[in-house]
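One structure is given here, and the rest of the page talks about it.
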Amino acid sequence: MGVRFLKMAVVYILVGISIGIYMGISLNFALTSVHAHTNLFGWATLALCGFTYLRFPKAAESPLAKWHFWLQGIGLPIMLITLTLMAHGYAPNWVTMLKRIGESVAGTGILIFAINVFTNVNAKDIPTKHQHDVSM
């Protein structure tokens, strides 16, 4: 599961950096919020979740991890696409409602991640220095 999150994170950094380059070249900064959310909620959050799952296999193997992956994987693009439309001045009611749905779905994914961490991540699962050296 951790690898899936890392690969999804890399997609978001490519998109986020591309948006940033576009804004810099065009000197049009209307997509600043999309750029920020793509890099923070996409790249940074997903990468940290991925590393968490790589480090704590019990959490990665939990059904909660799959729910997290799909909820964030579905909700975040919906949120970012609708936020892009709104940044360009297109904000009919259906777009704003869809944005709220995307945010709620992605946010629920993060809530599930938090539950997973508190349920399945334990200090005893971190190897001591000696255990780490032996496994290398």
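Tabulated data for the structure shown
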| quantity | calculated |
| --- | --- |
| Yes/no for K66 being free of Cβ contacts under 8 Å to residues at least 24 places away in the same chain, under 17 Å from the mean Cα position of the chain (by Cα) and not in a loop (DSSP other than H, G, I, E, B) | no |
| In the range 82-94, residue nearest to K66 (Cα to Cα) [restricted to those that are surrounded by 15 or more Cβ atoms within 10 Å (Cβ to Cβ) and not hydroxyl-bearing (S, T, Y)] | L83 |
| Pair list, Cβ < 8 Å and 6+ apart or interchain, from the range 100-112 residues that are touching a residue at least 12 places away in the same chain (Cβ under 8 Å) and of a type in the set (S, T, Y) to residues that are in a helix (DSSP H, G or I) and open to solvent by 30 Å² or more (accessible area, probe 1.4 Å) | T108/L71 |
| Test: residue in the range 20-42 that is closer than 27 Å to N120 by Cα and of a type in the set (A, V, I, L, M) | yes |
| Candidates V95, V121, filtered to the one that is more than 16 Å from T38 (Cα to Cα) and in contact (Cβ under 8 Å) with a residue 60 or more places away in the chain | V121 |
| Subset of the range 72-112 (residues that are farther than 16 Å from V11 by Cα and of a type in the set (V, I, T)) | T82, T84, V95, T96, I101, V105, T108, I110, I112 |
| Filter pass, G107 being open to solvent by less than 30 Å² (accessible area, probe 1.4 Å), under 13 Å from the mean Cα position of the chain (by Cα) and under 30 Å from V121 (Cα atoms) | no |
| Within the range 20-40, considering residues that are within 20 Å of A9 (Cβ to Cβ) and touching a Phe, Trp or Tyr at 6+ places or on another chain (Cβ under 8 Å), the one least open to solvent (accessible area, probe 1.4 Å) | T38 |
| Count of the range 79-123 residues which are part of a helix (DSSP H, G or I) and at pLDDT below 95 | 1 |
| Those residues of the range 54-67 which are in contact with a Leu (Cβ under 9 Å, 6 or more places away or on another chain) and buried (at least 20 other Cβ atoms within 10 Å of the Cβ), in sequence order | A60 |
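The values are calculated or read from the model by the stated rules, or taken from the named source; none is laboratory data. In this text, all values refer to a predicted model and were calculated from it rather than measured experimentally. As a convention, Cβ positions derive from the backbone with ideal geometry for all residues, glycine included, and neighbour counts pool all protein chains shown. Just the protein is used for accessible areas: all its heavy atoms, side chains included, with ligands, DNA and RNA removed. Shrake-Rupley method; radii C 1.70, N 1.55, O 1.52, S 1.80 Å.
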